[in-house]
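The values are calculated or read from the model by the stated rules, or taken from the named source; none is laboratory data. Quantities reported herein were computed from a predicted structural model and do not represent experimental measurements. Every residue, glycine as well, gets a Cβ built from its backbone with ideal geometry; the counts of neighbours run over all protein chains shown. Each accessible area value is taken on the protein alone, full model and side chains, heavy atoms only, with ligands, DNA and RNA left out. Shrake-Rupley method; radii C 1.70, N 1.55, O 1.52, S 1.80 Å.
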Amino acid sequence: MKLTMTQQILARKLGLDEQQAVEQLRPGTLMVVDVDVALSNDVTAPVAIDVFRKSGCELCDRNKLAFVLDHFTPNRDIKSAEQCKIVRDFARDKQVDNFFDVGTMGIEHALLPERGIAKPWSVVIGADSHTCTYGALGAFSTGVGSTDIAAIMMSGKVWLKIPSAIKFRLRNRPTKDVCGKDIILHLIGQIGVDGALYQSIEFDGDGVRYLTMDDRFTICNMAIECGAKNGVFPIDDATLAYTQESCNAAFDRMQAGDDDAYARVIDVDLSAIRPTVAFPHLPSNARVVENLRETIAVDQVVIGSCTNGRLSDLAQAAKVLEGRRVHPHVRTIVIPATNKIYLQAMELGYIRTFIEGGAIVSTPTCGPCLGGHMGILAHGEVAVTTTNRNFIGRMGAKDSYIYLASPATAMASAIAGKLIGASQLED
């Protein structure tokens, strides 16, 4: 195959065979593509709605829209309530079926795959940078601005510049204490925050089969953190099993292209990766947690977000906490990514473990990840979090400090009261 996976997806969308795609989908080429799903949230949708209304255009296709009220929801203040009301009123007026409010909403990038709205081979465009999450399903998905979503509302289409691509050839099985978060932090640390600028990062190799769908969602979610346009995994047995459950549909398989279709090929030995933490103030500032020599006291731990709020993430955290309690000086906040995940965690006993262990459990929300609510940091405070960004001021005060970690590392740090790996906890 002479095409990257991104090119394969776009070629199918445009009705091109392989040779036509090789000729017409060269990196840097501008194309107009039909969109399957246009996503926005309570922060970005009001801007798109305002631009759409001022255009005087008719809505192209209400079935292509998805509105998820998740960032400042449940509303933290009057301004966020008004933002949500704009979206709520528009969704009702236009009869948008894929509208998710309190009681039905979840964190958007966990909710859309769960509901079968994001699918393999689809083009998903979202007014949120972490829309790249859906590449785990073998979709082309990327983030845009709110005005681009307004244009999709009018036309059903988006313009794209075809990205060149980097292939990560994954080898071997990760050790049992390493998850998708450790892997993507390691990779970002390896190539830097601009190491894949406007490129697709695509994954291949025998190591792919050892990664769960939750691992893949986490890895693709953070593709933007190394500057990538999108991230993509093959469509394989794991993908097909997931989509059979989420949308009861069958899809063609997809594999990465030949090496010469890629601008760069990077070999990665998954068995050599150790639990990894990104130090302030960049996701690329990655270090192996077990190698730390300094003591870093922790004030707050957050386990959740579109990166790590899925059931397997809560399972990791609950396993570490079981039979223990969080440190009395550490505020520990657990946020299931969707209501379905919340219920599953409750049925499996994870919620009881968290509460009895001294943590709190929140309704699904992006909340603290973007410094919105449910866990704002004060001056000088330190957080260990499973979220995806640790920029200056991201979760509160500009002189606070954010360490990105896996759920297991985050919970171990909550228990110890300092940054530590799960394997370093004393019995």
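Placing +1 on each Lys and Arg Cβ and -1 on each Asp and Glu Cβ, with no other charges, gives region 262-375 a dipole about its Cα centre of roughly 80 debye.
For residue 119, the accessible surface of its heavy atoms amounts to roughly 70 Å² (probe 1.4 Å, protein chains only, rounded to the nearest 10). With Cα atoms defining each centre, region 55-125 and region 275-293 are spaced 35 Å apart in the structure. The phi torsions of region 54-62, fed into the Karplus equation with coefficients 6.51, -1.76 and 1.60 and a -60° offset, translate into couplings of 5, 6, x, 7, 8, 5, 5, 7, 5 Hz, rounded to whole numbers, with Gly and Pro shown as x. Estimated from helices alone, the mean residue ellipticity of the chain at 222 nm is -9000 deg cm²/dmol (sum of -39500 (n - 2.57) over DSSP H runs with n ≥ 4, per residue).
Accessible surface of residue 17, taken over heavy atoms with a 1.4 Å probe and every protein chain present, rounds to 80 Å².
Between the amide H of residue 231 and those of 135, 141, 201, distances stay under 5 Å, these residues lying 5 or more places away or on another chain, with hydrogens modeled in the peptide plane.
Applying both filters, DSSP loop and at most 12 other Cβ atoms within 10 Å, to the chymotrypsin sites (Phe, Trp or Tyr not before Pro) of region 169-224 eliminates every site. Under a 5 Å amide H cut-off, with hydrogens placed 1.01 Å from N, residue 377 pairs with 396, 397 among residues at least 5 apart or on other chains. For the chain, modelled as a GNM whose springs connect Cα atoms under 10 angstrom apart, the maximal fluctuation among 398, 85, 176 occurs at 176. Does region 282-427 classify as rounded, prolate or oblate by the C-alpha gyration tensor (a ≥ b ≥ c root eigenvalues; a/c under 1.5 gives rounded; else a/b over b/c gives prolate, otherwise oblate)? Since a/c reaches 1.5 but b/c is at least a/b, the shape of region 282-427 is classed as oblate. With a Cα cut-off of under 27 Å and a minimum spacing of 8 residues unless on different chains, the lysine pairs in region 1-144 number 15.
Rounded, prolate or oblate: which one fits the chain, using the alpha carbon gyration tensor with axes a ≥ b ≥ c (rounded when a/c is under 1.5, else prolate when a/b beats b/c, else oblate)?
Working: a/c = 1.77, a/b = 1.23, b/c = 1.45.
In terms of gyration-tensor shape, oblate.
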